[in-house]
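Everything below concerns the one structure shown next.
None of the figures in this text is laboratory data; all of them are computed from the coordinates on show. Only a predicted model underlies this, so the values are computations on that prediction, with no experimental measurement involved. FYI the Cβ positions are ideal-geometry reconstructions off the backbone, even for glycines, and counts take in every protein chain you see.
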Amino acid sequence: MSEIYFYKYLVTPQVFFKSKYTYALVNIKPLSPGHVLVVPLRTSVLRFGDLTTEESQDYMDTLQLVHKLILWVYKADSLNIAIQDGPESGQSVPHLHTHLIPRHRNDGYINDKLHRLLEDYDIEANYADFEARKKSFRDIEVPFVSETERVERTPEVMHQEASWLAQELTKYRQQLEKE
């Protein structure tokens, strides 16, 4: 697999699915087990409207596939599917991405606590970074985001999860072929 970037970060070991224009990766700071991201391969795609027609179709196909996989693997009752489109919406990384977060009936994220965690960011720092990214998308620093309830995982742990999800995706597709 060639090198894959999420914004300026090399994430190839975190990737468990790749299509022509899109990939899916495990999250460095998941809100729940199975919290993954779907991202366009083209790093200059800052917002949803920046996708070409072909990229858009591929992106949606990937979202549906990963959605079904995460429900199946994590036995989730529901999923949060979140796109924070632009810095004012809480987008902390200036590269389009969609969060898929498994939810269970008794997961403790009541009263939209999950949404507050997704939006825990500094809007002024985000906006400055986002505007700078429009000019040069790999030469700037991303501001630190304070997220005390989330723990950053090691590259090894993320690679293990990505490998496992890739295997589970193969099993899932085989099961679909049998049906």
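The table that follows gives values for the structure above.
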{"item": "Extension gain from Met60 to Thr170, taking 0.36 nm per residue of separation minus the Cα-Cα distance", "result": "37.7 nm"}
{"item": "Calculated FRET efficiency for the pair His104/Thr154, C-beta based, R₀ 35 Å, to 0.05", "result": "0.90"}
{"item": "Computed lengthening from Arg42 to Tyr9, 0.36 nm per intervening residue step minus Cα-Cα distance", "result": "10.6 nm"}
{"item": "Glu177-Glu88 FRET efficiency (beta carbon distance; Förster radius 30 Å; 0.05 resolution)", "result": "0.10"}
{"item": "Packing-based exposure ordering (other Cβ within 10 Å, fewest first) of Tyr59, Tyr9", "result": "Tyr9, Tyr59"}
{"item": "Additional length obtainable on full extension of the chain from Ser163 to Ser19, 0.36 nm per residue less Cα span", "result": "50.2 nm"}
{"item": "Gyration tensor verdict on the stretch 3-72 (Cα atoms; rounded if a/c is under 1.5, prolate if a/b is larger than b/c, oblate otherwise)", "result": "oblate"}
{"item": "Pairwise FRET efficiency - Ile81 versus Asp50, Cβ, R0 = 25 Å, nearest 0.05", "result": "0.85"}
